[in-house]
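Presented below is the structure to which this report refers.
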Amino acid sequence: ICKELRRSLLEFVKSVNGMPKNQKIPVFPLPIVVFPDEELRLHIFEAQYKQLINDCKETGIVFGITPVIESRMMNIGSLVKLLEIVKVYDDGRMDIKLHCMGQFKVLEQYSKWPGKLYSAIDIQILEPDVAEEKEMTYEVMELFNNLCDINKAKPYHQISWETFQSYKLGHIVGFTLEEEYRFSTLATEKERLEKLIQQLDYMIEQSKQRQEWLKRMNMNGEFRNFNLKDLK
């Protein structure tokens with residue numbers, strides 16, 4: 001597991017290291033968090049972002065997605081590249097696929113990219129932590145499987161524990177948008193795994209309470225049997 005995980009992360013670092021550490025890029029503010037190596041599907045309909053995606057297709061430029069929380073743009077964002085324009089509608093709207101290459105810190109904001117409709121930012125690329133945390137990863141796997149069993153649920157995308165990165169669970173452990181953002185800003189894999197363990201413990205306890213509530217709701221006048229010896 002560790003060899004596969006480390007190989008995957010090192011390839012990720014290599015791709016990010018091939019880019020200038022500080023640069024100006026177009027920006028697309030959205031009320032979402034995009035995690036490293038995530039594939040994102042979007043429906044594009046606003047003029048400035050239709051222009052941006054067409055520029056990506058023609059020139060291969062990358063751009064940033066910055067989370068917007070409570071009407072405020074956050075200062076840690078995600079660097080993404082266009083994978084595919086899946087569909088173009090008659091009015092120019094698009095369905096697209098993006099891939100997150102890594103994270104950055106916003107250094108400066110600009111209202112417009114010169115000669116374009118979309119905005120721009122100066123960024124500093126952040127390098128990911130590639131530390132191996134075997135025991136904590138195994139604990140996260142056990143807790144997550146337990147949570148799924150309690151709720152009789154399974155993730156939409158299968159989790160590959162052989163190449164697992166903490167970000168893979170960022171959207172499916174019950175975080176709010178603000179909690180997802182805070183999770184994305186944690187600097188090390190150890191910190192992120194610790195946060196996942198804490199959140200999974202909480203979700204398991206909440207799920208157990210919910211199951212007990214459902215059990216009581218569905219009793220429907222059953223005859224209950226108590227042993228008086230239990231009172232002693």
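What follows draws every value from the coordinates through simple rules; no lab data is involved. If you're wondering where the values come from, they're calculated on a predicted model, not measured in any experiment. Ideal geometry is used to build each Cβ from the backbone, glycine not excepted, and the neighbour counts take in all protein chains shown.
General remarks:
- Scattering from the range 44-107 was approximated by placing one identical point on each alpha carbon and applying the Debye formula without solvent; log10 I(q)/I(0) at 0.13, 0.21, 0.23 1/Å stands at -0.39, -0.92, -1.02.
- Over all pairs of different C-alpha atoms, the range 145-193 has a mean inverse distance whose reciprocal, the Kirkwood radius, equals 12.0 Å.
- Whole-Å distance, taken between Cα centres, linking the range 34-51 and the range 123-157: 25 Å
- Global size of the range 162-216 as Cα Rg and Dmax, reported in angstrom: 13.2, 43
- Loop GluC sites (Glu not before Pro), the range 109-189, which have at most 15 other Cβ atoms in a 10 Å radius of their Cβ (DSSP): Glu132
- Over the range 104-177, volume per residue of the alpha carbon convex hull, in Å³: 161 Å³
- In this label model, Glu132 and Asp201 are separated by 2.6 nm, measuring between points 7 Å along each Cα→Cβ vector.
- Label-to-label distance, Glu38 versus Ile69, with points set 7 angstrom from Cα along the beta-carbon direction: 1.3 nm.
- The order of the peptides 200-209, 106-115 by mean Cβ neighbours within 10 Å, most packed first, is 200-209, 106-115.
- Largest to smallest principal axis extent of the C-alpha atoms in the range 102-228, angstrom: 79, 36, 26
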